[in-house]
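First up is the structure itself, then whatever we jot down about it.
The values are calculated or read from the model by the stated rules, or taken from the named source; none is laboratory data. All values reported here derive from a predicted model rather than from experimental measurement. Cβ placement follows ideal geometry from the backbone for every residue including glycine, while neighbour counts extend to all protein chains displayed.
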Amino acid sequence: MNGERFALVTGAGSGIGRASALALARAGWHVALAGRRREPLEETSGEIKTLGRRAVAAPSDVGDPEAVKALFAMIEREFGRLDLLFNNAGTGAPAVPIDELTYAQWKTVVDVNLNGAFLCAQGAFGLMKRQRPQGGRIINNGSISAHVPRPFSVPYTATKHAITGLTKSIALDGRAYDIACGQIDIGNALTDMARKMTRGVPQADGRIAVEPTMDVEEVGAAIVHMASLPLTTNILTMTIMATKMPFVGRG
């Protein structure tokens, strides 16, 4: 390897994925961008290229096994190797009690948040295992919901708890191949998806309250830090959150 580093970011067209992809590019990484919508991926790709890095926009449904196979075949063809996967793609369901949730809504969240993370991790693990030099890093986007739920968040919370098991299993199984795996749990990064925090969201005691947020660029910086460690060092779990959000403590 000539010192160049290659990353794949899923859900890269907006929010945390876009901020992380741009942060990686500024740190010297070439980046493949996966997501559902071509236009925002192309926009992010264009910004990366202005930084002098290579970028490939790859519209993909991470919950579709054939689409994920095609994605990794493209990465191997374009980059020749993969040094980092940021498994970031995710979605939620309407905030309703479990008895009002439809199976289709449940399945949509599971297909993206869990099946998609598994399929992309599987593709990355296989490529990292057979490439030379061998190895690489997988970072899974967990969420503070991997620790505690918000009200009316059954499918999202269940999948994020499952991500913790996925992370630990990959971290264990990857040891033999120099594949490190860690998880980043993010609380209230100000993206379009999280803007509702500034207007008020349900709390455990039934109140609606505005919650503090943090700059999404700080998440990008955290991803760069995790990604830049040597493969002999791994951050298994990082929690990055708005300092004053009501996460720690009794409510």
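From the set of residues in the range 22-43 that are among the hydrophobic types (A, V, I, L, M, F, W, C) and more than 19 Å from V68 (Cα to Cα), which is surrounded by the fewest Cβ atoms within 10 Å (Cβ to Cβ)?
In the first step, residues of the range 22-43 are kept if they are among the hydrophobic types (A, V, I, L, M, F, W, C); the result is 22-25, 27, 29, 31-34, 41.
Imposing the further condition that a residue be more than 19 Å from V68 (Cα to Cα) reduces the set to 22-25, 27, 29.
Details: L22: 21, A23: 23, L24: 25, A25: 26, A27: 18, W29: 24.
Checking each candidate, the answer is A27.
Which fully enclosed helices (runs of 4 or more DSSP H) of the range 100-213 have 3 or more residues being modelled with pLDDT of 95 or more and more than 20 Å from S60 (Cβ to Cβ)?
103-109, 154-173
Checking E4 against (1) under 20 Å from T91 (Cβ atoms); (2) of a type outside the set (A, V, I, L, M, F, W, C); (3) surrounded by fewer than 19 Cβ atoms within 10 Å (Cβ to Cβ), which test does it fail?
Answer for E4: the failing condition is (1).
In the range 44-59, is there at least one residue being more than 20 Å from I223 (Cα to Cα), surrounded by fewer than 23 Cβ atoms within 10 Å (Cβ to Cβ) and acidic (D, E)?
Within the range 44-59, not a single residue is more than 20 Å from I223 (Cα to Cα), surrounded by fewer than 23 Cβ atoms within 10 Å (Cβ to Cβ) and acidic (D, E).
Could you grab me the full set of residues in the range 68-92 that are under 25 Å from N234 (Cβ atoms), not polar (S, T, N, Q) and not in a helix (DSSP H, G or I)?
So in the range 68-92, the residues under 25 Å from N234 (Cβ atoms) come out as 68, 71-72, 75-76, 79-90.
Now narrow it down to the ones that are not polar (S, T, N, Q): 68, 71-72, 75-76, 79-86, 89-90.
The answer is F79, G80, R81, L82, D83, L84, L85, F86, A89, G90.
Filter the range 80-114 down to the residues that are more than 13 Å from the chain's Cα centre (by Cα) and under 19 Å from I139 (Cα atoms) and list them by number.
Start the filter on the range 80-114 by keeping residues that are more than 13 Å from the chain's Cα centre (by Cα), which leaves 80-83, 92-111.
Result: R81, L82, D83, V110, D111.
Restricting the search to the range 195-232, which residues are under 22 Å from the mean Cα position of the chain (by Cα), of a type in the set (K, R) and loosely packed, with under 12 Cβ neighbours inside 10 Å?
R195
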